[in-house]
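A.B. asks: The structure is given below, and queries will be raised subsequently.
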Amino acid sequence: MRCDAHNHLQDDWLAPHLDRIAGDCRGLGIGAMVVNGTAEADWPRVAALAGRFDFVRPSYGLHPWDVAGRSPAWLETLRARLVAEPRAAVGEIGIDRWILESAPAEYFPAGSPPPAPLAEQIECFLPQLALAVELDRPASIHCLQAWGQLDELLRSHARPRRGFLLHAYGGPAEMVPGFAQLGAYFSFSGSFLAEKKTRQRAAFRVVPTDRLLVETDAPAMPPPAPWLTHPLPPSPEGKPVNHPANLAATYAGLAQLRGVPEAALTAAVAENFARLFG
Ligand SMILES: [Zn+2]
């Protein structure tokens, strides 16, 4: 069985294609996917998908890009949802310096509030991490250009007993052992199959086999052309849309990168997925 450790099936860009996506994924033996809510507005949509498709594992969190738009009651709403859904995970949560310092203008749609500064992102990250600890759930963590800070935060706070996912891990290979010791799993994104992603490719050669996961982050982060088996029409804004069934080719590419048989990789990843996400 193949497992997508991180996607956003609730996204508007995928909504017109849901039946086709479900059929394509079933056909490729994709038996489980963690569908990550990112803000209060999309949590009900994640819950609805979990009711509709047996392969959906719901996850709820406030993404660092959505921190600025949160309501005063966001944390209580999140807690109530997690308590009511014992199978749900925590995520996507995290910290992001890239969105503050390096993101192109297209990441700031007109009318949306500017992204929250790092201190405010951390104020929202820590209580969500604490909720995962308290309720014994795995947590899916997003981090861009803030790896030292994330390492410090994880070392100085309680961490989920089952572990946590560093989704689309883009930190240095040298930090992999330290994060693994803290309980990290690392998910490989199909977009890392591009040869130019040298830092990510180096890191995923050294991730321990028992901490390895695979993800699409669909509709984001599509794989490069040779690995893109399932194209979808672009978004209304003209952006490429990643189909969750591109996961199968991503497994094949990762097996090639690590020089291991794909069947062995698939079996190890399934075990890891079950250990982390239950
Ligand atoms: Zn994501």
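The values are calculated or read from the model by the stated rules, or taken from the named source; none is laboratory data. Treat the numbers as computed from the prediction; the structure is a model and nothing was measured. Glycine also receives a Cβ, built like all others from the backbone with ideal geometry; neighbour counts cover every protein chain displayed.
A.B. asks: In this structure, does GLY51 turn out to be away from the ligand (no atom under 14 Å from the Cβ) and closer than 23 Å to HIS243 by Cβ?
C.D. replies: Criteria met by GLY51.
A.B. asks: Right, something else. Pairs needed: first member in region 118-143, touching a residue at least 24 places away in the same chain (Cβ under 8 Å) and among the acidic types (Asp, Glu); second member anywhere, within 16 Å of the ligand (Cβ to nearest atom) and assigned to a helix (DSSP H, G or I); C-beta distance under 7 Å; at least 6 residues apart or different chains.
C.D. replies: GLU120/VAL67
A.B. asks: Show the residue pairs that are 6+ apart or on different chains and have beta-carbon atoms under 8 Å apart, the first residue being within region 205-223 and more than 15 Å from ASN36 (Cα to Cα), the second being among the charged types (D, E, K, R) and more than 15 Å from the ligand (Cβ to nearest atom).
C.D. replies: Note: pairs meeting the criteria are ARG205/ARG258; ASP210/GLU271.
A.B. asks: Please work out which residue is nearest to ARG2 (Cα to Cα), limiting yourself to region 36-64 and to residues that are free of Cβ contacts under 8 Å to residues at least 60 places away in the same chain and of a type in the set (Lys, Arg).
C.D. replies: ARG52
A.B. asks: How about region 1-112: which helices (runs of 4 or more DSSP H) wholly inside it have at least 3 residues that are modelled with pLDDT of 95 or more and surrounded by 18 or more Cβ atoms within 10 Å (Cβ to Cβ)?
C.D. replies: It comes to 18-27, 43-52, 74-84.
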